[in-house]
Amino acid sequence: MGAMTLDQAVDHLTTTNPTFAVCDTKIRGVTYRAFANVPPNLRALMQASREAQGNGAAEYLVFQDERWTYDEFCHETKQMAQALKQELGVQAGDRVAIAMGNLPELPIMMMAIASIGGVVVFLNAWWTSEELDYALTDTGAQVVFADGKRMERLVTLAKIEQIQMVGVRDASEISDLTYTALRDGVTDPPWPDVDIDPDQDFAVMYSSGTTSDPKGVVLTHRGAINAVFTWAMQPAIIALMDPPDPDAAPAPRPSALVATPLFHVTATHPLLLLSFPAGAKLTLLYRWDVEEAVRVIEAEKITRFLGVPTQSADLIAAAARMGVALDTLDYVGSGGAKRPPIQVSELARQFPKAQIATGWGMTETNANGIGMIGAEYLERPEAAGRLYPPVQDLRFLDDDGREVAPGEVGEITVKSPCNMRCYLNKPDETAEVFQDGWLRTGDLGRIDKDGYITIVDRKKNIIIRGGENISCLDVEAALHRHPAVAEACVFSLPDDRLGEVVGAVVQLRPGALATQAELITFLEQHIARFKLPAQIWIQTDPLPRAATDKIDRRGIRAACLTTRDIN
């Protein structure tokens, strides 16, 4: 069989491989194209993946000097699932929060909660107490699993709100109830006997938006699993389009480094959840440390690296500085933000054995979306890629909701079973982005005659700092809390390493005084450190306004860039 086109490969796989068969499925009154034969929920996904994981005997999870086989990981997941039910009284539909860095307990708890039909609330580990309080109030979570740093920020809230805190690792001395005690109280557990519908909620993940408060994105089992099998299908499509050398040595077992936070879809979905059917091993980094990442990639023979562009740039520099080839890598992917085009060619030179890839997705789409890999990416480093088949549809719409012609710029709008169910407790915001199953993403782009998509701008006032989404209005709201600030405008500043950082202009109230250092110290009490402005311009004159009387954010940014402190 010769090489196929993309459409031919997709048609061949969906009609001959039962795993990738698709059918029309009605979800909340809207008909979608979805995978027909995939596991119905995340518990079933784990159970069905045992064969892919060496019949459970393969080493699956590594964290520093700790190791779990797949069977051991599943056993501990079942222990915690039963402890949730028996000791904490968690029932299907209850929301349970997780607040910690990249510890092994996080994926175990994520799958344990999902296995009993509970809803995982992912709390950003960098949030302040105020931000954590907002999310707990928003979700109504009554149980929180937290490590030491997060426990310290949460303990006062827990006393006020009567939240049950469970200490993980270094939080064990702070909390009366610990993860270890719950786990060890269950010896030989079965899988939970709970019916889980594919369209039940599986998680709430927070995403910065155009409002001052983060939005809780409600994700379902079906949405996550359809995203997972979309990615699982792509290598099979590529093999039909570019048949591999039949005499080539077999590929090694996939081994992925989890270098991005597990409270983001970049880590939970194309790394953790995809690892189950892919038979991949996972190695966790607690926090990003590029030299440690290089050592771990070498020691664990990592084949797959997926991180934000800042991490890719760090990896290039560290590998060169340390004189290490990292030749086990066969995939270096990017998510969370667009790579600078020059970085694409630098990665190909530094890691010639690896396929360089890019991807675009959103929390709202379970990270599914657009991507490309290898030669097509090297030829088009400015582009985001092509829409991943086979369960997504794509439109580009103008401000009035009309479809624009190919080559013209429009808002990227996606219809897919991977789309979120809603924004939690925000019906107006949900209705604003959803129309008949189509999700308006807020990103502007265009598509060429070959199906390659270029993202050109964002309608939302979002700054992407090293892969972290920061709402301009979120930072503005915090600045407005300072008694000296009459008005504030926040915008992105270019940064060679992080892509973008936060900039701000403030107008002081008459007679008030404040320095940049004082404002930063104040902001540290209200927003996470990654949201802090890199530079604040301070003035007493009113901020410029556009014709509609809105603050002229674009004009202010342009003026500030001409006077930016380059030191």
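Derived scalar couplings between HN and Hα for the range 54-61 equal x, 6, x, 8, 5, 5, 10, 10 Hz in order, rounded to whole Hz, by the Karplus curve 6.51 cos²θ - 1.76 cosθ + 1.60 (θ = phi - 60°), x for Gly and Pro. Around the amide H of Thr220, modelled in the peptide plane, lie the amide H atoms of Phe202, Arg421, all under 5 Å away and 5 or more residues distant in sequence or on another chain.
With the alpha-carbon atoms as the only input, what is the per residue convex hull volume for the range 34-142 in Å³?
Per residue, the Cα convex hull of the range 34-142 comes to 131 Å³.
What the phi angles of the range 123-128 give under the Karplus curve with 6.51, -1.76 and 1.60, with θ = phi - 60°, is a coupling list of 9, 4, 5, 9, 5, 7 Hz, glycine and proline written as x. Note on the chain: antiparallel DSSP beta bridges, both residues inside, total approximately 60 percent of the bridges counted.
Summing +1 for each Lys or Arg and -1 for each Asp or Glu, what net charge is found among the other residues whose Cβ lies under 12 Å from the Cβ of Lys281? Local charge sum for Lys281: +2.
Rg over Rh for the range 430-507 works out to 1.09, using Cα positions for both radii and the Kirkwood form for Rh.
When the range 72-218 is described by a simple charge dipole with +1 on each Lys and Arg Cβ and -1 on each Asp and Glu Cβ, the residue from Gly93, Ile174, Val119 located farthest towards its positive end is Ile174. Think of each Lys and Arg Cβ as +1 and each Asp and Glu Cβ as -1; about the Cα centre, that makes the dipole of the chain roughly 500 debye.
Share of antiparallel DSSP beta bridges in the range 282-437, in percent to the nearest 5? Don't skip to the answer; put the middle values down first.
Working: 13 of 19 bridges.
Within the range 282-437, antiparallel bridges account for around 70 percent of the total.
Across the chain, the mean sequence separation of Cα contacts (distance under 8 Å, 6 or more residues apart), normalised by length, yields a relative contact order of 12 percent. Please give the Cα centre distance for the range 327-365 versus the range 455-523, rounded to the nearest Å. Answer, in whole Å: 29.
Computed per residue of the chain from DSSP H runs no shorter than four, each worth -39500 (n - 2.57), the mean residue ellipticity at 222 nm is -9000 deg cm²/dmol.
For the range 234-308, the Kirkwood radius over C-alpha pairs fed into Stokes-Einstein at 20 °C and 1.002 mPa s yields D = 157 µm² per second. Around the Cα centre of the range 481-567, unit charges on the Cβ atoms of Lys, Arg, Asp and Glu (plus for the first two, minus for the last two) sum to a dipole of about 200 debye. Among beta bridges from DSSP that stay inside the range 462-562, the antiparallel ones total about 75%. Using the structure shown, select from Lys85/Lys215; Lys415/Lys550; Lys26/Lys415; Lys215/Lys338; Lys149/Lys338; Lys353/Lys449 the pairs with a Cα to Cα distance greater than 21 angstrom. Those over the limit are Lys85/Lys215; Lys415/Lys550; Lys215/Lys338; Lys149/Lys338; Lys353/Lys449. A simple count of charges around Pro510, restricted to other residues whose Cβ falls under 14 Å of its Cβ and scoring Lys, Arg +1 and Asp, Glu -1, yields -1. For the chain, would you read off the P(r) tail past 30 Å as a percentage of all alpha carbon pairs? Of all Cα-Cα distances in the chain, 52 percent exceed 30 Å. How big is D for the range 72-218, in µm² s⁻¹ as a whole number, if Stokes-Einstein is applied with the Kirkwood radius of its Cα pairs at 20 °C and 1.002 mPa s? It diffuses with D of about 140 µm²/s by this estimate. Scalar couplings 3J(HN,Hα) for the range 534-544, obtained by applying the Karplus form with A = 6.51, B = -1.76, C = 1.60 to θ = phi - 60°, are 6, 8, 10, 8, 10, 9, 9, 6, x, 6, x Hz; x denotes Gly and Pro. Close amide-amide hydrogen proximity is noted between Leu282 and Leu61, Val62, Ala256, each under 5 Å apart and 5 or more residues distant or on a separate chain (H modeled in the peptide plane; Pro and chain starts excluded). Close amide H partners of His526, meaning residues 5 or more places away or on another chain with modelled amide H under 5 Å apart, do not exist here. Quick check on the range 462-562: take the gyration tensor over C-alpha atoms, sort the square-rooted eigenvalues as a ≥ b ≥ c, and tell me if it's rounded (a/c under 1.5), prolate or oblate. Note, shape of the range 462-562 comes out oblate. Of the peptides 418-424, 454-460, 42-48, 2-8, the ranking by mean beta-carbon count within 10 Å, highest at the top, reads 418-424, 42-48, 454-460, 2-8.
Only the coordinates and a few stated rules stand behind these numbers; no lab work does. Computed from a prediction, not measured in an experiment: that's the story for all the values here. A quick note on method: Cβ atoms are made from the backbone with ideal geometry, for glycine too, and the neighbour counts reach across all protein chains shown.
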